[in-house]
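K.L.:
Okay, here's the structure, questions in a sec.
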Amino acid sequence: MRPIYSLRWALILQVLVPLLAAMAVFTTIGLTTLERSAETRMQDEVELVARAVRLPISDSLEQGREQDVRQALESVFRIGRVYGAYVYDVDGELVAAVGAVNPATRKREVAELAAEGEQQGAYEQIQGQDVYSYFLPLSDSGGRIAGLLQVTRRGSDFQELAVQLRLQAVAVIAVAGGLITLMVLWGHRRAIGRHFDRLTGSMARVESGELAHRAPLDGPREIRSLSQALNTMLDSMARAEQEIARRRDAQLELEAQLRHAEKLAAIGRLASGVAHELGTPLSVLDGKAQRALRRAEPDAPEARALQDIRREVARMEHIVRQLLEFGRGQNRQYRRTRMGDLATAAAAALEQPFSAAGATLELQPCEPDPELYVDPIRLEQVLVNLLRNALQAGAGAVRVSWRPGDAGGLQLLVDDDGPGVPAESRKRLFEPFYTTKAVGEGTGLGLAVVHGIITEHGGQVQVEDSPLGGARFRVQFPLNAQRRDDVAEEITDGKS
Ligand code: ADP
């Protein structure tokens, strides 16, 4: 596994260390070159000194003036930094010596060197000291080799210089390395580190639950693109979550609607079953009362009682009809029809009760009058129920208006100037058997029937405040109900 280290360490290991190593290598090369040239210079210096005194020493040696030889030798100390100087004759015998103690050069070697007549330099040890010796042959006026001049210089002179140079180089490298390290770390912090810290800080905030937080878009381009990518990812995650929540809500809503529809269907089946059973005995009862009434004296108390029976039977038949209406659902007959025709038919059906109550009914059609594909008898029932409710609520003015609604459907409004529906009862208004009327006056089925029919047509109905001051029933449904209905049936078939 590859080691995991921070960006700072990567910078140190992959940039700084190679840089410092390269610096050290170049300095070592430079230092070696410098040392070599210093050594050569020192050797040249010794050679120059030897050459400067060569002639006077050669002369004095030829003439046998040992005193002069010595004086000339001593002058080497004035010319340059010299450790010692020695003069030998051709046999290797030491003639004169100045400076450091006598060299250890053996007689035979000196004689050989003198005989060769070649100048030459060499390192050797003199009494434990490292010295550099330069040998220069001395010749007489005839050009014959007369002896050998040896000039020495202490090797430690050079070594001290080298050590000094190395120390300086190490100090320079250490200071430069330290400065470069500081600069690289500071540069990393300024250019990258702090932006990364901010980015990771943003990530930590999001992780801790601040889902609305977004990384700031500043700093170098790469960091900015990272922040941008993070923000885009967070945005799409937020969108996805919203979409999931929306779908979950829609699913819950759909399930609630389905449960409600199933409940209504069950109640409907029960209601129509009861209604069927009651229908026949009620007509028998009414028929018998009618026949008995025909035989009774018109003003007799029995006749009044029989009339009361017939009135109550009629009421019960009305309830039974409503129950049957509520339970109906299968027997649908869709036809092409105009909204205006439906409204006119409903108004005509209620003309008598409206005029009896002194209430006005206004129809506000829209142009062109939309053509619907619906079950006209059931939609007329919707209008009749809504208008009758308005009248029963005590409205003096009722208005029916319609216009194109959302998504190509139709919107139908029934407004009245009655007392309106209080907010707390709006939720329960469409439930079967919910009524505010006195016992015997309302069945609570009128709006349940409205709701059932509109739902069958793929629409919705809701109650709100009317600009006329009373209640407004807003009904919306598609112009072509058949398709929605088939789909609903297919779903139901698929489920069963
Ligand atoms: P019912 O008319 O038999 O009571 P409905 O289902 O038709 O049954 O109505 C339920 C209740 O809704 C009524 O009892 C009444 O309180 C209220 N309601 C219906 N229409 C209106 C209206 N236009 N204005 C005020 N209240 C209304």
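K.L.:
Step by step: first the residues of region 391-427, then only those that are small (Gly, Ala, Ser) and in contact with a Leu (Cβ under 9 Å, 6 or more places away or on another chain), then the one that is most open to solvent (accessible area, probe 1.4 Å). Which residue is that?
P.N.:
My answer is GLY408.
K.L.:
Let me ask you something else. Restrict the check to region 287-299 and report whether at least one residue is assigned by TED's automatic domain parsing to the domain that holds GLY394, open to solvent by 30 Å² or more (accessible area, probe 1.4 Å), of a type in the set (D, E, K, R) and over 23 Å from LEU447 (Cα atoms).
P.N.:
Among the residues of region 287-299, not one is assigned by TED's automatic domain parsing to the domain that holds GLY394, open to solvent by 30 Å² or more (accessible area, probe 1.4 Å), of a type in the set (D, E, K, R) and over 23 Å from LEU447 (Cα atoms), which makes the answer no.
K.L.:
Quick check: is even one residue across region 415-424 near the ligand (Cβ under 10 Å from one of its atoms) and assigned to a strand (DSSP E or B)?
P.N.:
Within region 415-424 (the criterion being near the ligand (Cβ under 10 Å from one of its atoms) and assigned to a strand (DSSP E or B)), the answer is yes, since at least one residue qualifies.
K.L.:
Related question: If you go through region 324-342 one residue at a time, do you hit one that is open to solvent by 20 Å² or more (accessible area, probe 1.4 Å) and of a type in the set (A, V, I, L, M)?
P.N.:
For region 324-342, residues open to solvent by 20 Å² or more (accessible area, probe 1.4 Å) and of a type in the set (A, V, I, L, M): present.
K.L.:
Among (1) open to solvent by 50 Å² or more (accessible area, probe 1.4 Å); (2) hydrophobic (A, V, I, L, M, F, W, C); (3) touching a residue at least 24 places away in the same chain (Cβ under 8 Å), which single condition is LEU230 missing?
P.N.:
(1)
K.L.:
Still on this structure, please answer the following. Condition test on ALA245, is it in a helix (DSSP H, G or I) and modelled with pLDDT of 95 or more?
P.N.:
yes
K.L.:
Out of GLY142, GLY193, GLY209, I need the residue that is part of a helix (DSSP H, G or I) and either open to solvent by less than 70 Å² (accessible area, probe 1.4 Å) or over 23 Å from ALA21 (Cα atoms) (or both). Which one?
P.N.:
GLY193
K.L.:
Testing PHE430 on (1) without any contact (Cβ under 8 Å) to a residue 40 or more places away in the chain; (2) closer than 25 Å to GLU351 by Cα; (3) within 11 Å of the ligand (Cβ to nearest atom); (4) of a type outside the set (S, T, N, Q), one condition comes back false. Which one is that?
P.N.:
With respect to (1) without any contact (Cβ under 8 Å) to a residue 40 or more places away in the chain; (2) closer than 25 Å to GLU351 by Cα; (3) within 11 Å of the ligand (Cβ to nearest atom); (4) of a type outside the set (S, T, N, Q), PHE430 is out only on (2).
K.L.:
A follow-up question, please. Pick from ILE244, ILE223: which is more than 30 Å from THR443 (Cβ to Cβ), open to solvent by 90 Å² or more (accessible area, probe 1.4 Å) and of a type in the set (Val, Ile, Thr)?
P.N.:
ILE244
K.L.:
Within region 455-468, take every residue that is assigned to a loop (DSSP other than H, G, I, E, B) and away from the ligand (no atom under 11 Å from the Cβ) and give me the one that is surrounded by the fewest Cβ atoms within 10 Å (Cβ to Cβ).
P.N.:
PRO467
K.L.:
Output the residues belonging to region 161-188 that are open to solvent by less than 90 Å² (accessible area, probe 1.4 Å) and touching a helix residue (DSSP H, G or I) at 6+ places or on another chain (Cβ under 8 Å).
P.N.:
Within region 161-188, LEU161, ALA162, LEU165, ALA169, ILE173, ALA176, GLY177, ILE180, THR181, VAL184, LEU185, HIS188 meet the criteria.
K.L.:
Of the residues ALA397, ALA390, only one is in contact (Cβ under 8 Å) with a residue 40 or more places away in the chain and within 8 Å of the ligand (Cβ to nearest atom); which?
P.N.:
None of the others qualify; the one that does is ALA390.
K.L.:
Now a separate question. Take region 428-454 and flag every residue that is open to solvent by less than 30 Å² (accessible area, probe 1.4 Å), within 50 Å of the chain's Cα centre (by Cα) and of a type outside the set (A, V, I, L, M, F, W, C).
P.N.:
Selection gives GLY452 alone.
Residue-by-condition table, conditions (1) surrounded by fewer than 17 Cβ atoms within 10 Å (Cβ to Cβ); (2) touching a Gly at 6+ places or on another chain (Cβ under 9 Å):
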| residue | (1), (2) |
| --- | --- |
| GLN14 | yes, no |
| LEU19 | yes, yes |
| VAL25 | yes, no |
| ILE29 | yes, no |
| ARG41 | yes, no |
| ARG54 | no, no |
| SER60 | no, no |
| GLY64 | yes, no |
| VAL76 | no, yes |
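K.L.:
Would you mind telling me which numbered condition in (1) charged (D, E, K, R); (2) closer than 25 Å to GLY30 by Cβ; (3) open to solvent by 40 Å² or more (accessible area, probe 1.4 Å) ARG154 fails?
P.N.:
Of the numbered conditions (1) charged (D, E, K, R); (2) closer than 25 Å to GLY30 by Cβ; (3) open to solvent by 40 Å² or more (accessible area, probe 1.4 Å), the odd one out for ARG154 is (2).
K.L.:
Within region 350-363, identify whether any single residue is touching a residue at least 60 places away in the same chain (Cβ under 8 Å), within 30 Å of SER272 (Cβ to Cβ), not small (Gly, Ala, Ser) and not assigned by TED's automatic domain parsing to the domain that holds HIS260, and answer yes or no.
P.N.:
no
The values are calculated or read from the model by the stated rules, or taken from the named source; none is laboratory data. Computed from a prediction, not measured in an experiment: that's the story for all the values here. Glycine also receives a Cβ, built like all others from the backbone with ideal geometry; neighbour counts cover every protein chain displayed. Accessible surface is based on the protein model in full, side chains and every heavy atom, while ligands, DNA and RNA are left aside. Shrake-Rupley method; radii C 1.70, N 1.55, O 1.52, S 1.80 Å.
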